[in-house]
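A short worksheet on the structure shown next.
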Amino acid sequence: MSIVVKNLTHIYDQGGPFEAKALDGVSFEAHEPAIIGLMGHTGCGKSTLVQHLNALLLPTAGSVVVCGIDTRTDKSRLRELRHRVGMVFQYPEYQLFEETVARDIAFGLRDSGLSEEEKKKRVRAAMEEVALDYDTYAEKSPFDLSGGQKRRAAIAGVLVMEPEILVMDEPAAGLDPRGKEEIDDIIRRYHEKHGATVLIVTHNMDEAAALCSRILVMENGTIAADGSPRQVFSDAERVKAVGLDVPYAARTAAALISRGVPVRPDVLTVEELAAEILRIKEERRA
C-alpha cells in the first residue's frame with residue numbers, strides 16, 4: 001500500500017470557455033497504514049484530489065502513483081487499481097438498486113472470477129464489517145432499511161472488494177450522532193483488521209481529531225497544512241484563515257484557560273478535556 005502524489009495539477013475544461021484549475025501542484029505521500037483526514041472549505045479541491053486516487057480523474061500535470069500503479073502510464077492496470085482502492089461517495093445509499101441487500105453488496109464481485117460460495121462468504125464478511133446481521137438483512141430489500149442501515153449496506157458494497165485503500169467522501173453526512181459514531185467504528189475496525197489506509201473527506205473537526213492520525217488541509221487547490229491533528233489544530237489562527245475551525249474541546253479548553261483554569265492547551269477531544277477537568281478537581285482536593 002502506498003500513495004505518492006507529485007506536483008499534481010488538474011484543470012477542468014482545459015482550453016475551453018469554462019477552464020478552471022482545481023488542483024495546483026499538490027504533493028503528498030502515504031506509505032504506512034493510517035486514517036488520514038482531508039479537510040478544507042467547499043471548492044478547495046478535496047473531491048477532485050480523491051478522484052485521482054483510483055483514476056476516475058487523470059492528472060493534467062504531475063503524477064499519481066497508487067499501490068505502485070501510475071495512473072497516467074499504467075493504463076492496462078487501472079481496473080486492478082479500482083479493485084485495490086475503494087471509493088465511498090457522499091450519500092452512497094442513493095446508489096442502492098438491487099432486489100436484496102446481499103445482491104446489492106455482491107454487485108462489485110460480478111466479474112471477479114470468484115465462486116458463488118466465495119462471493120457469499122465475502123458478502124457475509126462485509127455485512128459483519130458494517131454491523132448488519134447477514135441472516136436478518138441479506139434477503140431484505142435495501143429500500144426497507146433505515147437511513148443508517150442503507151448507508152452501512154452501501155459501504156459494505158465497497159468493503160466486499162477488500163480494498164487496500166479506502167476513500168470516503170463525507171461518510172457520515174446527514175446522519176445523527178449515533179449514526180456518525182457507527183460509521184467511525186466501521187472505519188476504525190476496517191483499518192485495524194485489514195491494515196488499510198483510509199482517507200476521509202470531512203468538515204467535522206471533532207471527527208478528524210478523534211479518528212485521524214494525520215490531517216491534510218487544502219486551500220485553493222493546494223496543501224496548506226499536513227501533520228497530526230495536534231500539530232494542525234495547534235495553529236488555530238491558520239486553521240481559521242482557511243475557513244475551518246478547531247474542535248469543540250479545543251475551543252472549550254481555550255475558553256477555560258482564558259478564565260484561569262489550568263487545562264492543557266493542546267486538548268483536542270472531549271475525552272481529553274474531561275480527563276483534564278477531573279485532574280484539576282483531584283489536584284484541588286489534595
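The table that follows gives values for the structure above.
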quantity: 0 to 90° range, to nearest 10: angle between helix 147-159 axis and the chain longest Cα axis; calculated: 60 degrees
quantity: Local electrostatic count, residue 270, Cβ distance below 14 Å [Lys/Arg +1, Asp/Glu -1]; calculated: -4
quantity: Antiparallel DSSP beta bridges within the chain, percent to nearest 5; calculated: 55 percent
quantity: GNM result for the chain, Cα springs below 10 Å: residue of 262, 33, 163 fluctuating most strongly; calculated: 262
quantity: In the chain, lysine pairs with alpha-carbon atoms under 16 angstrom apart (chain gap of 8 or more, or interchain); calculated: 5
quantity: Other-chain or far-sequence residues with amide H under 5 Å of residue 220's (modelled H); calculated: none
quantity: Residue-averaged [θ]222 nm for the chain, counting only DSSP H segments that reach four residues, each worth -39500 (n - 2.57); calculated: -11500 deg cm²/dmol
quantity: Peptides ranked, highest mean first, by Cβ atoms within 10 Å: ranges 132-141, 248-257; calculated: 248-257, 132-141
quantity: For segment 74-221, alpha-carbon Rg and Dmax in angstrom; calculated: 15.3, 48
quantity: Which labelled figure in (1) 18.8; (2) 21.2; (3) 20.5 is Kirkwood radius over Cα pairs in Å, once derived from the coordinates; calculated: (3)
quantity: Degrees separating the helix 248-258 axis from the principal Cα axis of the chain, which is the longest one; calculated: 10 degrees
quantity: With Cα atoms, 0 to 90° folded angle of helix 116-129 axis to the chain main axis; calculated: 10 degrees
quantity: Percent RCO, i.e. relative contact order, over segment 1-122, from Cα pairs under 8 Å lying at least 6 residues apart; calculated: 23 percent
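Here, each number is a calculation from the coordinates, and none is a lab measurement. All values reported here derive from a predicted model rather than from experimental measurement. Methodologically, a virtual Cβ is constructed for each residue, glycine included, from the backbone with ideal geometry; neighbour enumeration extends over all protein chains shown.
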